[in-house]
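This report concerns only the one structure given below.
The values are calculated or read from the model by the stated rules, or taken from the named source; none is laboratory data. These figures come from a predicted structure and were not determined experimentally. Neighbour counts are summed over all protein chains in view; Cβ atoms, including those assigned to glycine, are modelled from backbone coordinates with ideal geometry.
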Amino acid sequence: MTQHPTADQGTSHTPVIELRLGNVANGGVMVARHEGRVVFVRHGAPGELVRVRLTEPGQGDSFWRGDVVEVLEASEHRVAHVWPAADALLAKSPEDIPGGAEFGHLDLAYQRELKAQVLTEQLERLAKFDPATIGFAGVEAPEEEREDGLHWRTRTAFGVDRAGRLAMRAARSHHLVPTPSMPLAVEAVDALGLDQVDLTGLGRVEISAPQGQPPLVLLVPATPDAAGVKWAGAAANRVARHVGEAASVALLTQESGTAADGAGALRRVSGRTWLRESVDGHEFRVTGEGFWQVHRSAPATLSHAVLAAGEPAEDEAWADLYAGAGLFSSLLAQSVGVTGSVLSVEGAPGTHADARRNLHASPQARVVRGRVERVLLEEAGTRPDGVVLDPPRSGAGKAAVAAIADVEPERIVYVSCDAASFARDVALFAGRGYELTQLRAFDLYPHTHHLETVAVLRKKAVAS
Ligand SMILES: C[S@@+](CC[C@H](N)C(=O)[O-])C[C@H]1O[C@@H](n2cnc3c(N)ncnc32)[C@H](O)[C@@H]1O
């Protein structure tokens with residue numbers, strides 16, 4: 001049926017059209033076609049017949065984007081949204097929907113099916129590789145998951161709206177939506193009641209809430225100049241008074257990029273500026289602005305998957321690249337023992353300092369701060385038994401893949417949180433003679449489109 005975008009209920013700038021949705025694409029959108037043009041649609045499911053409000057469709061655009069506003073024929077996998085505030089069918093406008101729960105209207109098992117389809121499609125398209133050939137069995141639940149997939153985020157970042165309220169950004173927008181409650185976060189986050197505090201003067205509120213420990217509330221000024229820091233300081237005092245001893249409060253006063261870059265100056269307001277995490281009896285200090293896995297089960301789930309994939313053994317030499325606070329390095333150090341070695345490489349200063357402390361009692365671990373691609377240049381010819389890499393969402397990229405391939409590890413364990421950059425890097429490794437031999441995927445971001453993969457790459461056997 002041919003339909004032209006039509007004005008809908010007086011909102012002439014946001015036309016609504018009827019579409020039959022096709023497959024899921026990377027980013028959690030469904031692909032549909034309208035008069036030959038591709039439309040990427042949020043909040044739907046494959047096969048559904050829906051009415052879609054287009055987002056600023058230009059006649060010259062090669063594709064359009066839109067949001068489901070009404071479901072005419074529903075998928076059998078559609079359920080009541082787990083977070084009513086993020087339900088596109090209840091919202092007045094897409095600008096009123098906080099981002100970060102774009103699969104919340106689908107049952108959990110089906111969310112995992114869609115994630116497996118995206119991973120397969122990315123590997124086929126970017127690496128010309130069919131993961132079924134190595135027995136890829138779909139996306140697994142994390143260890144210790146709740147049936148409803150809620151309350152898993154131990155790290156949650158909020159914005160602050162003009163009225164000084166706790167807020168989250170709408171997806172693909174700068175619009176801030178007041179967010180007094182966040183059901184994907186562990187319960188300790190809502191329990192702080194920061195929606196009752198005037199946060200004027202702050203630009204960001206990052207809450208880290210490890211299990212069994214008081215949370216740390218990290219506050220970032222709305223503007224980084226001296227006046228902005230003063231305003232933020234007053235807000236930080238209000239937060240500290242409100243939470244009392246239930247949480248620590250710190251102010252990040254100088255930023256470069258994100259807090260995880262660790263380049264900021266962390267000022268203690270109350271309590272302490274760091275957290276203690278523990279995994280399988282290993283204790284980790286994590287500085288306020290440092291990296292730690294987000295899902296409460298992620299550190300254990302991923303550590304176990306990495307050890308099972310790489311099988312590090314006594315006496316072996318391993319490298320842990322993009323090592324964060326040393327999560328995998330610690331477990332590798334235990335596996336290789338004092339007669340083995342682990343090179344642990346992390347770029348962010350605060351997180352690197354954490355790794356140094358966390359690996360202090362492991363003389364077999366060498367903790368180096370620097371960019372992976374640079375540090376590995378100095379390791380040429382070392383030929384480690386294994387390398388673990390866990391890069392940020394953008395992946396390792398050409399230079400780091402080349403540097404890893406140059407040291408010729410026997411096996412590579414690649415941990416990734418992005419299907420597209422992972423598939424691109426698999427293709428780069430293939431160009432250097434490494435092939436994918438194992439692949440597991442974990443649903444460490446329930447109700448979002450994200451997933452985590454743990455893969456093994458090995459040098460292809462050369463035919464004699
Ligand atoms: C996804 S985290 C992984 C951390 C760790 N494996 C864990 O599970 O806790 C990626 C880490 O890589 C660091 N990083 C990003 N780019 C880097 C680079 N080019 N060289 C070294 N480290 C980098 C970040 O600071 C961050 O700590």
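Okay, here's what the table says:
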| read-out | value |
| --- | --- |
| Any hit, the range 191-198, residues being in contact (Cβ under 8 Å) with a residue 60 or more places away in the chain, among the aliphatic types (A, V, I, L, M) and within 27 Å of Glu143 (Cα to Cα) | no |
| Within the range 147-168, considering residues that are basic (Lys, Arg) and buried (at least 18 other Cβ atoms within 10 Å of the Cβ), the one farthest from Gly203 (Cα to Cα) | Arg153 |
| Selected residue (only one of Pro391, Pro409 is in the same structural domain as Leu331 (by TED's automatic domain parsing), over 22 Å from Pro299 (Cβ atoms) and part of a loop (DSSP other than H, G, I, E, B)) | Pro409 |
| Selected residue (criterion: farthest from Ser335 (Cα to Cα)) from residues of the range 360-376 that are touching a helix residue (DSSP H, G or I) at 6+ places or on another chain (Cβ under 6 Å) and outside any strand (DSSP E or B) | Glu373 |
| Matching residues, the range 356-386, being within 15 Å of Leu321 (Cα to Cα), in contact with a Leu (Cβ under 9 Å, 6 or more places away or on another chain) and within 15 Å of the ligand (Cβ to nearest atom) | Ala365, Arg366, Val367, Val368, Val372, Val375, Leu376, Glu379, Gly386 |
| Yes/no for Ala396 being near the ligand (Cβ under 9 Å from one of its atoms) and farther than 23 Å from Ala419 by Cβ | no |
| Where Val269 falls short, out of the listed (1) within 12 Å of the ligand (Cβ to nearest atom); (2) not in a helix (DSSP H, G or I) | (1) |
| Meets criteria (away from the ligand (no atom under 15 Å from the Cβ), touching a residue at least 24 places away in the same chain (Cβ under 8 Å) and not small (Gly, Ala, Ser)) for Glu435 | yes |
| Residues located in the range 402-425, provided they are free of Cβ contacts under 8 Å to residues at least 60 places away in the same chain and more than 21 Å from the chain's Cα centre (by Cα) | Ala402, Ala403, Ala405, Asp406, Glu408, Glu410, Ile412 |
| Flag if Val345 is within 11 Å of the ligand (Cβ to nearest atom), outside any strand (DSSP E or B) and more than 20 Å from Pro210 (Cβ to Cβ) | no |
| Residues (of a type in the set (S, T, N, Q) and touching a residue at least 60 places away in the same chain (Cβ under 8 Å)) located in the range 353-401 | Asn358, Thr382 |
| Residue that is within 22 Å of the chain's Cα centre (by Cα), closer than 23 Å to His447 by Cα, surrounded by fewer than 22 Cβ atoms within 10 Å (Cβ to Cβ) and not charged (D, E, K, R), where the choices are Val177, Val189, Val205, Val139 | Val177 |
| Identity of the residue in the range 42-79, of a type in the set (Asp, Glu) and within 14 Å of Ile17 (Cα to Cα), that ends up surrounded by the most Cβ atoms within 10 Å (Cβ to Cβ) | Asp67 |
| Test for Phe328: is it of a type in the set (Phe, Trp, Tyr), outside the structural domain of Glu379 (by TED's automatic domain parsing) and in contact with a strand residue (DSSP E or B) (Cβ under 6 Å, 6 or more places away or on another chain) | no |
| Among the candidates Ala308, Ala234, Ala298, Ala227, residue that is loosely packed, with under 15 Cβ neighbours inside 10 Å, within 16 Å of the ligand (Cβ to nearest atom) and of a type in the set (Gly, Ala, Ser) | Ala308 |
